[in-house]
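Below: the structure, in structure tokens.
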Amino acid sequence: MSPQWIAVIGTSSLAFALKYIGHSVPESWLAHPRIQRINALIPIVLLTALVTVNAVTTKTKIIFDHRIAGLAVAITALVLKLPFPVIVIGAAVGSAIAYHFGY
Amino acid sequence: MSVKRDSFSLSFAVGAYGTAFGAASVTAHFSVLQTCLLSLLTFSGASQFAVIGVLGAGGSALSGIATATLLGTRNALYGLRMAPILKVRGVKRVIAAQVTIDESTAIATAQNSNEDQKIGFWHTGFGVFIFWNLFTLLGALGAKAIGNPSAWGLDAAVPAAFIGLVWPRLVDTKTRLIAGAAIVLSLALVPFTPSGIPIITTAALAIIVGWRA
């Protein structure tokens, strides 16, 4: 089985298990303040690392290329409080322009 | 009724992001079928972007699954909040669990009466599910037709989607510092570890900081 298929099946099964557990376990199991705090921080660190790795690395090298232009547009759009689709499309346009200029 | 109108407009707006996921997933070498299955079965935006982001960057299936699953833990806490509001069992609970996401929980918990909470949860849950899957297919087919993803900037759309998801969470100095630490740690690990490891390792930062308050 390809890594993609393993990823699809594994991610989907565990995603559902987490959702179902929430609906089924006694509240006291998950209501601990420590679990709540860690749970609030998890998306911040993982999403930030995903931005970093997808923007400036290729395999095991740190590479600054056309994607930086896209990221700059995305950050500008976020500062201007523009909606999510504008952020993503703006980043794609910025990156595509830089790519065609040879970066 | 305003709760139904709110549910619909949120569902459409959020569902439209599915286009970005569909395109990004195909760019990350997932097939159109695999892309659509992720939206149907995983049905949690951040987790879906994470798994394709890790594998697209060359990471293993295991590190992709682990990263996506850690991002999905918040859905368990949403379920915890929704269970006493919905009071459902059996097949209905299975369906409720599947549509327990950021948006359905947010709309439901913003309502005052139990009746409106239920209406908000089910309408938003099903609404996002329908639009998210529809737009995923459109994005995947679109990216498939395009060819070279870099020429169309699709390789920058993935980090842009992630930064769009994390930005609203960076609300104070503490969250910005921990995000900065995640950047430094992931970059420091990139040259020395297999792809995917630098991302999942940053979870340790959340555990260390969250443990001590």
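Derivation of every value follows stated rules applied to the coordinates shown; laboratory data play no part. In this text, all values refer to a predicted model and were calculated from it rather than measured experimentally. No Cβ is skipped: glycine too gets one built from the backbone with ideal geometry, and neighbour counts run over all protein chains shown.
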Treating cross-link reach as a plain straight distance, find the lysines whose alpha-carbon is under 23 Å from the alpha-carbon of A:Lys61, omitting any fewer than eight places away in the same chain. none
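At most 16 other Cβ atoms within 10 Å and a DSSP loop assignment: could you name the chymotrypsin sites (Phe, Trp or Tyr not before Pro) in the stretch B:109-213 that fit? Each step should come with its number before you reach the end.
On the way: sites: B:Phe121, B:Trp122, B:Phe126, B:Phe129, B:Phe131, B:Trp132, B:Phe135, B:Trp152, B:Phe162, B:Phe192, B:Trp211; in loops: B:Phe192.
Hits after loop and neighbour filter: B:Phe192.
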Separation of alpha-carbon centers, the stretch A:1-67 and the stretch B:33-66, rounded to whole Å: 9 Å
Chain A: relative contact order from alpha carbon pairs under 8 Å, six or more residues apart, as a whole percent, is 18 percent
Cα convex hull volume per residue for chain B (Å³): 141 Å³
Using just the helices of chain B, give the 222 nm mean residue ellipticity in deg cm²/dmol: DSSP H runs with n ≥ 4 each add -39,500 (n - 2.57), and the total is spread over all residues, rounded to 500. -24500 deg cm²/dmol
Surrounding charge for B:Phe192, neighbours by C-beta under 14 angstrom, Lys/Arg +1, Asp/Glu -1, total +2
How about the stretch B:23-96: which trypsin sites (Lys or Arg not before Pro) there are in a DSSP loop, with at most 13 other Cβ atoms within 10 Å of their Cβ? B:Lys87, B:Arg89
When Cβ neighbours within 10 Å are restricted to other protein chains, what is their mean count per residue of peptide A:90-101? 6
Evaluated at 4 °C with a viscosity of 1.567 mPa s, what Stokes-Einstein diffusion coefficient in µm²/s does the stretch B:74-132 have when Rh comes from the Kirkwood expression over alpha-carbon pairs? 117 µm²/s
For the stretch B:107-213, the Cα-Cα pair-distance distribution in 10 Å bins from 0, as whole percents, is 11, 23, 27, 30, 8, 0
Taking each residue in B:198-206, count the Cβ atoms of any other chain within 10 Å of its Cβ, then average. What number comes out? 6
Regarding the protein assembly as shown, what are the three Cα extents along the principal axes, ordered largest first, in Å? 57, 44, 44
Computed over chain B, the relative contact order (Cα-Cα under 8 Å, seq sep at least six) in percent reads 34 percent
Give the angle, between 0 and 90 degrees and rounded to the nearest 10, that separates the Cα long axis of helix B:154-166 from the longest principal axis of the Cα atoms of chain B. 60 degrees
So, R0 is 45 Å and r is the distance between the beta-carbons of B:Asn112 and B:Leu33; what FRET efficiency does that work out to, to 0.05? 0.60
Total charge of the residues flanking A:Leu71 in space, meaning their Cβ is under 15 Å from its Cβ, with Lys and Arg +1 and Asp and Glu -1, is -1
Across A:Lys19/A:Lys81; B:Lys4/B:Lys92; A:Lys19/B:Lys87, pairs whose alpha-carbon gap is larger than 25 Å: A:Lys19/A:Lys81
Surface/4 of the Cα convex hull for chain A, nm²: 10.1 nm²
